[in-house]
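Data block below; observations after.
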Amino acid sequence: MDLVFYLKDEENEKAAEEGRHQLRKKYWTYAIPIIQQKHQLRGSFNNSNPTTSNTLSGGVGISGLRIDCVANYDFARIDFVISKGDVKQNKEIFDILYSHKYEVESELGITLTWERADENKASWISYYSRDVSITNEEDWERMANFHAEWSDKICSALLPYLQENDEEKTRLQNRASILRQWTIEHPAINENPVKSNRTFTRFTTDAMTELLPDLPNAPSGWNTDNHYFYEIVNRAGNGVYMQFALSSRNANPEFLDICERINEFYKAKKGKKNWQWRLPFRTKTVCISDDLSKEQIFEKLDECFEEIQNFERDLKNKLSLDESAKA
């Protein structure tokens, strides 16, 4: 067999590398103002300048943690990076965030990629947009908006779990206990303490289960037979609201069809095709101060639940009329 040698064309490789650098710098020059505008309150990218790297990094207010915007030839990506000097501390922070995976993804309406990466010092949490390329300037607007919107949303969803002191954690946990007690004592509610936590107290109702029956052996995003929950959201502790959440994971076509019909009447922000989570409805936020008694908190929760019952009656009526019109 012939032995073939290939000579390395260093000049062409150098030119190609310079081209990549110029392309990246041009994209970041375009994208940085859009990203900074979105992060103006947090200031994550205030000091960012156009770079020849494929990655633009911003601070999140916690040492050793950062938010990265990545622009590649075949995708764009957001990375929430945990990279302190102590490996053990990195994994502990990741585990804290991962324990709230369902809450985070439910709030965002997307599925994230969670990389504990035990073989590495750092850990990270990512979200991709795979239908764009930095080489196509027509994609730049979508890429920049993706980097701006999702870097901000991911920070907003993750950081609250890392910024609370022990007193605040105790206060939120005590509040969650009262919320859970309300679901247990309310006669029209089917509580689910196993899938509830400090931030989300989850329950179902007979009326909504009639519209959205359980799907045995097809676990939802909560790993339950039911693919919906009402959630009492206790994020800040001084105000709560209730929301109607849907999971499409392992759902059959009949269930997904009902979800699309619901979306016609109650448009979810995350109404796109191939959705993972949807939040078609939420109640008003009721103020719950620390000086309220349990009975007073129950009264405010009853007000929110009355909104839910009105929502269920209205939805059932609209679905019935829709079926009659199609018949």
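Residues in region 93-121 that are without any contact (Cβ under 8 Å) to a residue 60 or more places away in the chain, surrounded by 17 or more Cβ atoms within 10 Å (Cβ to Cβ) and among the aliphatic types (A, V, I, L, M): Val104, Leu112. Of the conditions (1) open to solvent by less than 10 Å² (accessible area, probe 1.4 Å); (2) over 25 Å from Leu112 (Cβ atoms); (3) modelled with pLDDT under 95, Met208 fails just one. Which one is it? Met208 satisfies every listed condition except (3).
With respect to the conditions (1) open to solvent by 80 Å² or more (accessible area, probe 1.4 Å); (2) closer than 30 Å to Glu185 by Cβ; (3) among the polar types (S, T, N, Q); (4) more than 22 Å from the chain's Cα centre (by Cα), Asn223 lacks only one, and its number is (4). Do the conditions hold for Ile262, that is, is it under 19 Å from Glu103 (Cα atoms) and in contact with a strand residue (DSSP E or B) (Cβ under 8 Å, 6 or more places away or on another chain)? Spelling it out, it is not the case that Ile262 is under 19 Å from Glu103 (Cα atoms) and in contact with a strand residue (DSSP E or B) (Cβ under 8 Å, 6 or more places away or on another chain).
Taking the stated definitions as given, is Asn250 open to solvent by 70 Å² or more (accessible area, probe 1.4 Å) and on the phi > 0 side of the Ramachandran plot? So Asn250 passes the test.
Among the candidates Ile110, Ile125, Ile96, Ile82, the residue that is within 27 Å of His227 (Cα to Cα) and in contact with a Leu (Cβ under 6 Å, 6 or more places away or on another chain) is uniquely Ile125.
The values are calculated or read from the model by the stated rules, or taken from the named source; none is laboratory data. Everything numeric in this text was worked out from a predicted model, so none of it was measured. In this analysis, Cβ positions are derived from the backbone assuming ideal geometry, glycine residues included, and neighbour counts consider all displayed protein chains. Just the protein is used for accessible areas: all its heavy atoms, side chains included, with ligands, DNA and RNA removed. Shrake-Rupley method; radii C 1.70, N 1.55, O 1.52, S 1.80 Å.
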